[in-house]
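Shown next, in structure tokens, is the structure this report addresses.
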Amino acid sequence: MQNSIKIAVFDFDYTIINANSSTFLNKLVIEAEFLEKKQPIRTPSIAELNRFKYPEEVEKYRDERNFTLLYQQIFRYMYNKYGINKQKMEKCLKEIRISESMKNLFKVLNENGFELMIVSDSNTFVIEKIIEQNNLTEFFGNRIFANQVDFDSDGQVTILPCIDVKKFDRLNCVKDTCRENICKRFVIDSFLSKKIGFTKQIIYVGDGKIDFCAGVGLRNCDIFFLNKINHLYTFNCLNCLLPITQWSWIFDISLVETISIFFHKSDDQWNRMTQSCPDISFIQLKEAT
């Protein structure tokens, strides 16, 4: 009998957490500017954090196809301008809490034999720290794949791309969905290539267009979870590019907040069926597929 392996792959920002983990650190710069201008300190809104702009010498590195160099420059600016070091960032990240329903999902998946992975265009420093501070390290171990962060002895940061671009054939990507520093399908395929002799089942959870290429790589036995209020759902519905063209939609609010669960059924037509199933358990869902 052939051995089997079950893997649950998660995006991070606006999937595991309801925030952008990288822009959340803008809070430290905004508060430092308040102090510099001798203004009363107040907590900036999420909208303010997301639209905050740095000086031109930093913003010139902004590239929607590759955020690696931009965030390296941001981290260095934070340290050089305001003395915002690793310890201050860690303290700030403690404010990001993972919901109890998401923690419960990790527990249920783990109890049912799934290996849990994170594949993200964020960076290892913020992800690993948030996972650690929410007491979830045991579920992910060394299966966190993101842009690599290194702090040197002087507090300066170097960020390296998640993937080695020299080993990566971008022709396999779905056009305009992946970024220069990461293809999530490539990361997953590389991980699975080391699991020789196993039959594999994957569930994938994501919210953005960058998750689409990974979805294309799924098979009929795999499960694709989309956040229905975000960009991936809209992109998929507008383009109908996934090779699996019939879906059944189960919304399970008891397991994951605002995550719509899609699983593959057949290849012959595009037909989305909506059901409200607040009481369905993970075991029932598996039996349904």
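Averaged over residues, the count of other Cβ atoms within 10 Å places the peptides 13-22, 142-151, 39-48 in the sequence 13-22, 142-151, 39-48, highest first.
The Cβ shell under 14 Å around N134 holds other residues with a net charge of -1, Lys and Arg each +1, Asp and Glu each -1.
Annotation: the residues T68, T199, T23, sorted from fewest to most other C-beta atoms within 10 Å of their own C-beta, follow the order T199, T23, T68. Of the residues V58, V126, V205, the one with the fewest other Cβ atoms within 10 Å heads the list, and the complete ranking is V58, V205, V126.
Remark: the range 119-135, residue by residue, has Karplus-estimated 3J(HN,Hα) of 10, 9, 8, 7, 9, 5, 4, 5, 5, 4, 5, 5, 4, 5, 5, 9, 6 Hz, where x stands for each Gly or Pro and the curve is 6.51 cos²θ - 1.76 cosθ + 1.60 at θ = phi - 60°. Extension gain, F198-E64: 0.36 nm per intervening residue step, less the Cα-Cα distance, totals 44.5 nm.
Amide H to amide H distances under 5 Å link I203 with I7, A8, V9, I223, where only residues 5 or more positions off or on other chains count and H is placed in the peptide plane.
Size descriptors for the range 1-42, from the alpha-carbon set: Rg then Dmax equal 20.1, 70 Å.
Using every pair of separate Cα atoms, the Kirkwood estimate puts the hydrodynamic radius of the range 35-144 at 16.5 angstrom.
Compared with the alpha-carbon gap, the fully stretched path from K38 to Q156 is longer by 39.8 nm at 0.36 nm per residue. Phi-derived couplings, Karplus 6.51 cos²θ - 1.76 cosθ + 1.60 at θ = phi - 60°, listed residue by residue for the range 42-54: 9, 7, x, 6, 4, 4, 5, 4, 6, 9, 4, 10, 8 Hz, with x used for Gly and Pro.
Applying the criteria of a DSSP loop state and at most 13 other Cβ atoms within 10 Å to the GluC sites (Glu not before Pro) of the range 79-158 yields E95. Applying the criteria of a DSSP loop state and at most 11 other Cβ atoms within 10 Å to the trypsin sites (Lys or Arg not before Pro) of the range 1-39 yields K37, K38. Quick check on my link table: of K53/K194; K60/K194; K38/K86; K27/K195, which ones sit more than 31 Å apart, alpha carbon to alpha carbon? Cα-Cα > 31 Å for K53/K194; K60/K194; K27/K195; rest within. Short to long, the 10 Å bins of the Cα pair-distance histogram for the range 23-93 hold 19, 54, 25, 2 percent of all pairs. For the range 72-86, 3J(HN,Hα) computed residue by residue from phi via the Karplus equation (6.51, -1.76, 1.60; θ = phi - 60°) reads 5, 5, 5, 4, 5, 4, 4, 6, 6, 7, 10, x, 7, 9, 4 Hz, glycine and proline entered as x. For F145, the residues whose modelled amide H falls within less than 5 Å of its own, excluding neighbours fewer than 5 places apart on the same chain, are I118, V119, S120.
Relative to one another, the C-alpha centroids of the range 86-113 and the range 30-74 are positioned 25 Å apart.
Any read-out appearing in this document is the output of simple, stated calculations on the displayed coordinates, not a laboratory observation. Computed from a predicted model, the values in this text were never measured in an experiment. Ideal geometry is used to build each Cβ from the backbone, glycine not excepted, and the neighbour counts take in all protein chains shown.
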